[in-house]
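Worksheet: the structure to be examined is printed underneath.
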Amino acid sequence: MNEAASQLKRSKAAGGWGALRSCGKHLLASGSAIAGAKAMLSANQPDGFDCPGCAWGDPEHGSSFEFCENGVKAVAWEATEKRATPKFFARHTVSELRGWTDYALEGQGRLTEPMRYDPVTDTYVETTWERAFAEIGAELRALRHPDEAEFYTSGRASNEAAYLYQLFARAYGTNNFPDCSNMCHEASGVGLIQSIGVGKGTVELEDFEHADAIFVIGQNPATNHPRMLGDLRRAAQRGAKVVVLNPVRERGLERFADPQDKIEMLRGGSSSIASHYVQPKLGGDMAAIRGVAKVIFARDAEAKAAGRKSLLDQAFIGKHTTGLYAWRAAVEGTEWEAIEDQSGLARADMETLADVYLCAERVIATWAMGVTQHRHSVATVREIANLLLLRGHIGRPGAGLCPVRGHSNVQGDRTVGINENPPAWLLDNLDREFGIAAPRKAGHNVLHAIKAMVEGRSKAFIGLGGNFARATPDTEVVTEALRRCRLTVQIATKPNLGHMAVGEVAYLLPCLGRTEIDRNAAGKIQIVTVEDSMSMVHGSGGINKPASPHLKSEVGIIAGIAAATVGSERIDWAAMAEDHDLIREKIARTIPGFDDYNVRVRRPRGFKLRNLAAERIFETSSGRAEFSAAPLPTEIEHQVARKRKGQFVLQTFRSHDQYNTTVYGLDDRYRGVYGERRVVFMNLDDIAAMGAEPNARIDVVGSHDDGRTRVAEDFRIVAYDIPRGCVAGYYPELNAVVPFSEAGDLSDTPLSKSTLVTFRTREAA
Ligand SMILES: Nc1nc2c(c(=O)[nH]1)N[C@H]1C(S)=C(S)[C@@H](COP(=O)(O)OP(=O)(O)OC[C@H]3O[C@@H](n4cnc5c(=O)[nH]c(N)nc54)[C@H](O)[C@@H]3O)O[C@H]1N2
Ligand SMILES: Nc1nc2c(c(=O)[nH]1)N[C@H]1C(S)=C(S)[C@@H](COP(=O)(O)OP(=O)(O)OC[C@H]3O[C@@H](n4cnc5c(=O)[nH]c(N)nc54)[C@H](O)[C@@H]3O)O[C@H]1N2
Ligand SMILES: [Mo]
């Protein structure tokens, strides 16, 4: 074990007093201790707003104030008293601001007025909503074809905003919907649709109370889904096995002290989370699962030979699945040597995991970005599904598949139509309901959109939230692509670097956040709705006073642009902006599962969308759940890197003090990093083999061979418990070396956890 790892072992558990101290710090730093604390009390409560943090589900008994440290940060971030006013923009040119960091820009606080870019002074200048809508509408109408415009969505947008947005873009004439989920859980959607006929998870929160084993694959819940950690901890306490697959030793998955547990806090205690922790190499999960399956098949064969009962759920397999023989043959035909080499695990590890799996009556598998951001992610998701299908761990209590979503409403946005490749029924329903002729041609996802902008085929970019320039790969290329556009429109709460990549005509439009009260002209409060990772749809209403009297809701802004672009003859945009119930009525009439939307959403905890796979109804082409028999990739990045001197495979993940491109602070407490973000985590033996020392300063150089030089400068090496050949560092800084020309098979997701790099020492630079 290296030094950093042993330090980790000695240091205290994750969560606990450290988490509480950090909460207080963030509420104070945001200058909103009172509004923040009041707001926290209503987060994820039936009558409050949905926490803008993660998409983990909310418990049935909403009275138990469910908050988490990073939820506090997300709420405090929005409820800040700081303001990025027109005066601020008058003092700094956009060219100057392009040299700032996202951290410094967002640190200016909330946007207060609609702003238009003035090319003469190179500054954003305040304007009126009327002028903004009119000019944006005119610019969009002036494009040669609607397919020259890109409509980006970040997954915080509510169902109402997202539905109106897709309706507007389709009424206008395009399916160009690059979406943050293209960079996120796309592989889960694609893989699960192939395997079980629905692209969503099949479990409910209550299932975590009944599972005997929970496999947590490629996910860091202590930071990114802290409320999930509470469920894992309760499961571990009642004796369920929690099996972690993660190349990095994540402290929060080992031990966790719940800041909401008074006794644990007073005694300074903590609970173990992971009963088993294995460290595959980056991208090694498909091989690891295949190894587990190989053990299971061997044991099953032994059982049968001895005249005992099969270890597989033969009744389920026979009635509900297809393709087992082909998969079994593929698994049995894969040599242990290949499995061990690609996974980076020993056969004995996989035997242990197989034991856990076989001893459990009810198994849940959860996963996130460690699974979905590789080249073979779709195949990996399907291998996970295969494993659960073997013993019928789907559609019964305590068992199932659980891709843990990112943004708080990314799943809902998809449900209500943000989809560049929409199903025919959706377009037919929209045509019928609104009298439009929605385009049938598939549109652009994120990578297609970037390519189209780079090549000058797309000329307008509308961003419904998010930070497109920084969340995407090849930061420099995408920044330049946005600047080449004729029109850029950013709908946002705070300024970020992406907003400084201005087109010829550029607008920065400030919107209400989810924590704020949204009143219509008649003074009536409007609520919005969101869907969590468990397909629960519930209402969300803000409680804070808006950051500025000039803000509009996202719905209001979209309606304004839509009316100015496509007119209001067919669709009464203004009426829907005034009364969100009208939008929900339209959703109910065009999207299955939303009947009685306006009634059901006002019930505590909302309602659950039906998930057929969870009822063992599989809407695949065969009408059954399908085992996938894909071979292991011949070679994955860590195997490629090993052959080339000095190469490594880099994963770009999140620190504890950030929300995607939003950086709250410069600490990563659980990993022992303070006051900095430019670090690369590396195995001590790799550091020595490079002839370097821990703490040395290096540049990260992209190795993708397409003639373009990619460098991220000046990082510090941190010795860490991580497999050899694999390194890690933070996004978004390292997006400078992730190539936009590489993507996952079938998912088209950037290879954010599989980027080939080399290092150069700073002296040599
Ligand atoms: N506070 C906070 N909450 C968030 C976010 C945030 O930035 N901050 N982001 C939100 C969003 S949009 C999302 S998508 C989620 C992201 O949630 P996560 O997926 O947890 O996010 P990452 O930080 O990218 O962490 C990936 C984890 O996978 C591991 N990993 C990387 N590669 C591999 C691999 O090949 N195999 C395995 N087994 N593990 C691997 C990493 O070591 C790391 O622990 O969180 C959401 N919630
Ligand atoms: N290298 C690498 N790249 C990655 C990832 C990775 O793991 N590694 N992860 C990917 C993933 S999983 C995702 S989901 C994407 C995230 O990509 P995005 O969703 O585009 O990025 P965010 O950082 O979440 O967006 C932050 C901005 O959203 C705006 N904002 C915040 N709240 C609101 C609101 O309520 N309304 C509006 N309109 N705007 C708001 C603010 O201006 C803020 O600056 O990044 C992806 N990029
Ligand atoms: Mo995400």
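When 498, 542 are screened for being crowded, with 22+ Cβ neighbours inside 10 Å, in a loop (DSSP other than H, G, I, E, B) and either modelled with pLDDT of 95 or more or among the small types (Gly, Ala, Ser) (or both), only 542 passes. Restricting attention to the range 104-118, the residues that are basic (Lys, Arg) and open to solvent by 40 Å² or more (accessible area, probe 1.4 Å) total 1.
Restricting 699, 706, 721 to residues that are assigned to a loop (DSSP other than H, G, I, E, B), away from ligand 2 (no atom under 16 Å from the Cβ) and buried (at least 17 other Cβ atoms within 10 Å of the Cβ) narrows the list to 721.
Here is the figure for the range 298-324: residues that are under 34 Å from the mean Cα position of the chain (by Cα) and either among the hydrophobic types (A, V, I, L, M, F, W, C) or in a helix (DSSP H, G or I) (or both) total 5. Pull out all pairs, ordered by first then second residue, where Cβ-Cβ is under 6 Å, the residues are six or more apart or on different chains, the first lies in the range 501-526 and is at pLDDT below 95, and the second is among the aromatic types (Phe, Trp, Tyr) and assigned to a loop (DSSP other than H, G, I, E, B). What qualifies is 514/49; 515/49. Among the residues of the range 601-627, those that are open to solvent by 30 Å² or more (accessible area, probe 1.4 Å), in contact (Cβ under 8 Å) with a residue 12 or more places away in the chain and farther than 30 Å from residue 381 by Cα comprise 602, 604. Considering only residues that are in contact with a strand residue (DSSP E or B) (Cβ under 6 Å, 6 or more places away or on another chain), closer than 22 Å to residue 551 by Cβ and not in a helix (DSSP H, G or I), which ones fall in the range 65-100? If the condition is that a residue be in contact with a strand residue (DSSP E or B) (Cβ under 6 Å, 6 or more places away or on another chain), closer than 22 Å to residue 551 by Cβ and not in a helix (DSSP H, G or I), then 79, 83, 84 are the ones that fit. The numbered conditions (1) in contact with a Gly (Cβ under 8 Å, 6 or more places away or on another chain); (2) open to solvent by 60 Å² or more (accessible area, probe 1.4 Å) are all true for residue 685 except (1). Return the residue satisfying two criteria in turn: it lies in the range 190-214 and is open to solvent by 10 Å² or more (accessible area, probe 1.4 Å) and either closer than 22 Å to residue 52 by Cβ or of a type in the set (Phe, Trp, Tyr) (or both), and of such residues it is nearest to ligand 3 (Cβ to nearest atom). Filtering the range 190-214 for residues that are open to solvent by 10 Å² or more (accessible area, probe 1.4 Å) and either closer than 22 Å to residue 52 by Cβ or of a type in the set (Phe, Trp, Tyr) (or both), the one nearest to ligand 3 (Cβ to nearest atom) comes out as 200. Could you please let me know if residue 323 is under 30 Å from residue 655 (Cα atoms) and either touching a strand residue (DSSP E or B) at 6+ places or on another chain (Cβ under 8 Å) or of a type in the set (A, V, I, L, M) (or both)? In short, no. Applying the criterion of being among the charged types (D, E, K, R) and under 22 Å from residue 558 (Cβ atoms) to the residues of the range 478-509, the residue that is farthest from ligand 3 (Cβ to nearest atom) is 486.
Inside the range 450-465, can you point out the residues that are touching a Cys at 6+ places or on another chain (Cβ under 6 Å) and either open to solvent by 30 Å² or more (accessible area, probe 1.4 Å) or not assigned by TED's automatic domain parsing to the domain that holds residue 135 (or both)? Of everything in the range 450-465, just one residue is touching a Cys at 6+ places or on another chain (Cβ under 6 Å) and either open to solvent by 30 Å² or more (accessible area, probe 1.4 Å) or not assigned by TED's automatic domain parsing to the domain that holds residue 135 (or both), namely 459. Checked against the criterion of being under 30 Å from residue 549 (Cβ atoms), surrounded by fewer than 24 Cβ atoms within 10 Å (Cβ to Cβ) and more than 16 Å from ligand 1 (Cβ to nearest atom), the candidates 427, 447, 487, 508 yield just one match: 487. Just one of (1) free of Cβ contacts under 8 Å to residues at least 60 places away in the same chain; (2) within 21 Å of residue 560 (Cα to Cα); (3) within 16 Å of ligand 2 (Cβ to nearest atom) fails for residue 151. It is (1).
Listed residues 750, 694, 723; which is touching a residue at least 40 places away in the same chain (Cβ under 8 Å) and farther than 28 Å from residue 665 by Cβ? The unique qualifying residue is 723. Residue 754 meets each of the listed conditions (1) under 18 Å from the mean Cα position of the chain (by Cα); (2) open to solvent by 10 Å² or more (accessible area, probe 1.4 Å) apart from (2).
Please pick out the residue among 128, 123 that is open to solvent by 60 Å² or more (accessible area, probe 1.4 Å) and modelled with pLDDT of 95 or more. Checking each option against the conditions leaves just 128.
Across the range 464-477, not a single residue is classified as within 16 Å of ligand 2 (Cβ to nearest atom), at pLDDT below 95 and of a type in the set (D, E, K, R).
Is it the case that the range 223-240 has a residue that's within 16 Å of ligand 3 (Cβ to nearest atom), in contact with a strand residue (DSSP E or B) (Cβ under 6 Å, 6 or more places away or on another chain) and open to solvent by less than 30 Å² (accessible area, probe 1.4 Å)? Yes - at least one qualifying residue is present in the range 223-240. On inspection, residue 712 fails the criterion of being over 20 Å from residue 752 (Cβ atoms), modelled with pLDDT of 95 or more, out of contact with any Phe, Trp or Tyr (no Cβ under 9 Å at 6 or more places or on another chain) and not in a loop (DSSP other than H, G, I, E, B). State whether one or more residues within the range 441-458 are away from ligand 3 (no atom under 16 Å from the Cβ) and touching a Gly at 6+ places or on another chain (Cβ under 8 Å). No, because not a single residue in the range 441-458 is away from ligand 3 (no atom under 16 Å from the Cβ) and touching a Gly at 6+ places or on another chain (Cβ under 8 Å).
Among the residues of the range 335-345, is any hydroxyl-bearing (Ser, Thr, Tyr) and under 30 Å from residue 449 (Cβ atoms)? Among the residues of the range 335-345, not one is hydroxyl-bearing (Ser, Thr, Tyr) and under 30 Å from residue 449 (Cβ atoms), which makes the answer no. Sort out which residues of the range 168-215 are within 16 Å of ligand 2 (Cβ to nearest atom) and aromatic (Phe, Trp, Tyr), and write them in order of number. Listed by number, the residues that qualify are 168, 177. The residues in the range 369-403 that are in a loop (DSSP other than H, G, I, E, B), buried (at least 24 other Cβ atoms within 10 Å of the Cβ) and either within 16 Å of ligand 2 (Cβ to nearest atom) or modelled with pLDDT under 95 (or both) can be counted, and the count is 2. Within the range 346-368, the set of residues being assigned to a loop (DSSP other than H, G, I, E, B), open to solvent by less than 60 Å² (accessible area, probe 1.4 Å) and farther than 21 Å from residue 628 by Cβ comprises 346, 360. Restricting the range 741-751 to residues that are of a type in the set (A, V, I, L, M) and open to solvent by less than 40 Å² (accessible area, probe 1.4 Å) leaves a set whose member that is nearest to ligand 2 (Cβ to nearest atom) is 751. Test residue 420 against the criterion of being at pLDDT 95 or above and surrounded by fewer than 18 Cβ atoms within 10 Å (Cβ to Cβ), and give yes or no. The answer is no for residue 420.
Table: residues versus (1) without any contact (Cβ under 8 Å) to a residue 24 or more places away in the chain; (2) surrounded by fewer than 19 Cβ atoms within 10 Å (Cβ to Cβ); (3) in a helix (DSSP H, G or I).
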position	(1), (2), (3)
280	no, no, no
326	no, yes, yes
331	no, no, yes
339	no, no, yes
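The values are calculated or read from the model by the stated rules, or taken from the named source; none is laboratory data. Values in this document were obtained by computation on a predicted structure and should not be read as measured data. Glycine gets a Cβ as well: all are built from the backbone with ideal geometry, and neighbour counts include every protein chain shown. Protein only, heavy atoms only, side chains kept; ligands, DNA and RNA dropped before computing areas. Shrake-Rupley method; radii C 1.70, N 1.55, O 1.52, S 1.80 Å.
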